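What follows is a short report on a single structure.
Each value in this text was obtained by applying a stated rule to the coordinates, not by laboratory testing. Bear in mind that the values here come from a model prediction, so they are computed numbers and not experimental data. Heads up, the Cβs are rebuilt from the backbone with ideal geometry, glycines too, and the neighbour counts pull from every protein chain shown.
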Amino acid sequence: MPPETISIHYLQPSQLYISEEKIQQIRQWFDPHDLSFFPPIPIKVLDDLLVMTDGHTRTVVALQAGLTELPFVWETDELDWDMYRACVAACHEHGIQSPSDLLARVVNPREYQEKWHSWCDRMQEEVRARR
């Protein structure tokens, strides 16, 4: 039985930037005509949104290849949903409401570390401090 698919445009990202380096790594194995090796995008309904919990770079690569639907799975891990809410709120503040909004937010590895990883570290500290 093939995996279920979903329109990419229904998905809410939980990430602000995409690594150019990671895109290059995915392009080495990605085949837009054969998604049998494409790991499904994990999603979770969070505050009435279909939030991506992982797979942002794979989704951007698929968009760049012209795909509009991808296989998905429902997230079953108990993740820190307060942190994901903070990430989604930041995405909305930056106008990121669909994976297509990430196409203009591809950055080099140094910028990815500075802009995304450093932001995540600060956000996690803030969320923990509010608990």
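In the chain, helices alone account for a calculated mean residue ellipticity at 222 nm of -10000 deg cm²/dmol, with every DSSP H run of four or more residues adding -39,500 (n - 2.57). Ellipsoid semi-axes for the range 65-131, based on the Cα gyration tensor and the rule √(5λ), read 23, 19, 12 Å when sorted largest first. The loop-placed chymotrypsin sites (Phe, Trp or Tyr not before Pro) in the range 1-87, going by DSSP, that have at most 14 neighbouring Cβ atoms within 10 Å of their Cβ come out as TRP29. Computed on the Cα atoms alone, the convex hull of the chain gives a volume of 108 cubic angstrom per residue.
Taking Lys and Arg as +1 and Asp and Glu as -1, the other residues whose beta-carbon sits under 12 Å from that of LEU79 total -4.
Taking θ as phi - 60° and the Karplus parameters 6.51, -1.76 and 1.60, the scalar couplings of the range 3-12 work out to x, 5, 10, 9, 5, 4, 6, 7, 8, 9 Hz in sequence order, x denoting glycine and proline.
Taking a Cβ cut-off of under 12 Å around VAL51, the surrounding Lys, Arg, Asp and Glu residues balance to a net charge of -2, with basic ones at +1 and acidic ones at -1. Sites count as exposed loop sites when they are GluC sites (Glu not before Pro), lie in a DSSP loop, and have at most 15 other Cβ atoms within 10 angstrom; the longest stretch of the chain without one is 5-77. If both residues of a DSSP beta bridge must be in the chain, then about 50% of such bridges are antiparallel.
At full extension, GLU21 and MET83 could sit 19.8 nm farther apart than now, given 0.36 nm per residue minus the alpha carbon distance.
About the centre of its Cα atoms, the chain shows a dipole size close to 280 debye [charges on the beta carbon of Lys, Arg (+1) and Asp, Glu (-1) only; nearest 20 debye]. Each Lys or Arg adds one and each Asp or Glu takes one away; over the other residues whose Cβ falls under 15 Å from the Cβ of PRO40, this sums to -4. Considering only GLN97, TRP74, PRO3, and ranking their Cα positions along the charge dipole of the chain that arises from unit charges at the beta-carbon of Lys, Arg, Asp and Glu, the one farthest toward the positive end is GLN97.
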